[in-house]
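Asker: Quick one: this structure, given as structure tokens, is what I'll be asking you about.
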2 protein chains.
Amino acid sequence: MSKQERMLVELADQVECCSPLVREPLAPGQAVELARVFKALGDPVRLRLASLIASHDGGEACVCDLTDAFELSGPTISHHLRVLREAGLITGERRGTWVYYRIQPDALRRLSAVLVLDDTAAVTA
Amino acid sequence: MSKQERMLVELADQVECCSPLVREPLAPGQAVELARVFKALGDPVRLRLASLIASHDGGEACVCDLTDAFELSGPTISHHLRVLREAGLITGERRGTWVYYRIQPDALRRLSAVLVLDDTAAVTA
């Protein structure tokens with residue numbers, strides 16, 4: 001797929017999925033889907049985990065890169081990573097001993113598109 | 001304040017408050033503050049209320065404009081409006097019989113700025 005095609009697909013997806021909430025009332029079904037993703041970010045530990053993963057060298061991080069930032073047990077970190085994953089905000093891939101996590105850019109784009117204040121910004125965000 | 005000054009203040013606020021989470025790890029304090037706002041949007045009814053208010057004629061809506069969209073009691077709607085208000089996403093002003101609600105554009109801008117994927121988008125969103 002060319003860069004242009006990819007941009008068109010992304011744009012169509014944004015329009016279909018989530019036009020800005022200031023433009024027209026969100027449909028109930030859209031609201032359920034989006035609320036799930038916002039809720040996943042509605043926790044300080046999960047927000048920091050998402051940010052640590054997204055800003056890590058190479059755009060991916062393993063649990064071994066994440067645990068030192070928190071005074072939390074491994075299972076608690078794993079729980080929060082699972083919530084982020086189930087909301088479609090990150091993906092995980094096992095390679096050897098560790099699972100490596102990456103942010104899902106499309107998920108961030110979609111949320112950002114919902115929050116922008118005018119149509120121009122929705123397309124460029 | 002001139003338009004340019006206002007843009008500079010907004011930009012400074014964005015940089016100070018919430019640089020994109022893909023750029024650098026969120027500080028714990030920022031994460032607590034932002035998570036509260038994301039959590040407020042992490043409910044389908046509240047998302048729809050925010051969208052109904054933001055997209056309403058004139059950019060404001062009273063409870064009388066909102067209740068018909070939901071099969072929920074008045075107190076339940078009021079509870080959700082209070083959560084949005086306490087998170088800084090809407091303001092309410094009593095005029096006569098009704099409280100009129102408006103979206104807080106700065107709050108949406110701030111969240112959107114956190115979610116964008118590159119620095120250019122953060123400034124234009």
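Computed from the coordinates by the stated procedures, all read-outs in this text should not be read as laboratory data. All figures in this text were calculated on a predicted structure; none of them were measured in a lab. Don't worry about glycine lacking a Cβ; one is built from the backbone with ideal geometry, like all the others, and counts go over all protein chains shown.
Asker: Compute the relative contact order of the range B:3-115 as a whole-number percentage, counting only Cα pairs closer than 8 Å that sit 6 or more residues apart in sequence.
Answerer: The normalised contact order for the range B:3-115 reaches 33 percent.
Asker: Go through the range B:65-75 residue by residue and turn each phi into a ³J(HN,Hα) via Karplus (6.51, -1.76, 1.60, θ = phi - 60°); whole Hz please, and just put x for glycine and proline.
Answerer: Karplus-based 3J(HN,Hα) across the range B:65-75 equals 7, 9, 5, 4, 6, 10, 9, 10, 6, x, x Hz.
Asker: Something else now. Could you give the distance between the Cα centres of the range A:64-78 and the range B:34-80, to the whole Å?
Answerer: If you average the Cα positions of each part, the centres end up 35 Å apart.
Asker: Amide H to amide H, which residues 5 or more places from B:Tyr100 or on other chains are under 5 Å from it, using H placed in the peptide plane?
Answerer: Amide H to amide H, under 5 Å and 5 or more residues apart or across chains, B:Tyr100 pairs with B:Glu93, B:Arg94, B:Arg95.
Asker: Roughly how big is the range B:3-115's charge dipole about its Cα centre, with Cβ charges of +1 (Lys, Arg) and -1 (Asp, Glu), in debye to the nearest 20?
Answerer: 100 debye
Asker: Would you please name the GluC sites (Glu not before Pro) within the range A:50-116 that are DSSP coil residues with at most 14 other C-beta atoms within 10 Å of their C-beta?
Answerer: When the GluC sites (Glu not before Pro) of the range A:50-116 are filtered for loop state and at most 14 Cβ neighbours within 10 Å, A:Glu71 remain.
Asker: Going from the alpha-carbon gyration tensor of the range B:3-115, what semi-axes, largest first and in whole Å, does one get by taking the root of 5 times each eigenvalue?
Answerer: Rounded to whole Å, the semi-axes are 28, 17, 11.
Asker: Using θ = phi - 60° and the Karplus relation 6.51 cos²θ - 1.76 cosθ + 1.60, list the HN-Hα couplings for the range A:26-36 in order, rounded to whole Hz, with x at every Gly or Pro.
Answerer: Computed from phi, the couplings for the range A:26-36 are 5, 6, x, x, 4, 4, 4, 5, 5, 4, 4 Hz.
Asker: Could you run the Karplus curve 6.51 cos²θ - 1.76 cosθ + 1.60 with θ = phi - 60° over the range A:47-61 and give me ³J(HN,Hα) per residue in whole Hz, x for Gly and Pro?
Answerer: 4, 5, 4, 4, 5, 4, 5, 5, 9, 6, 3, x, x, 9, 9
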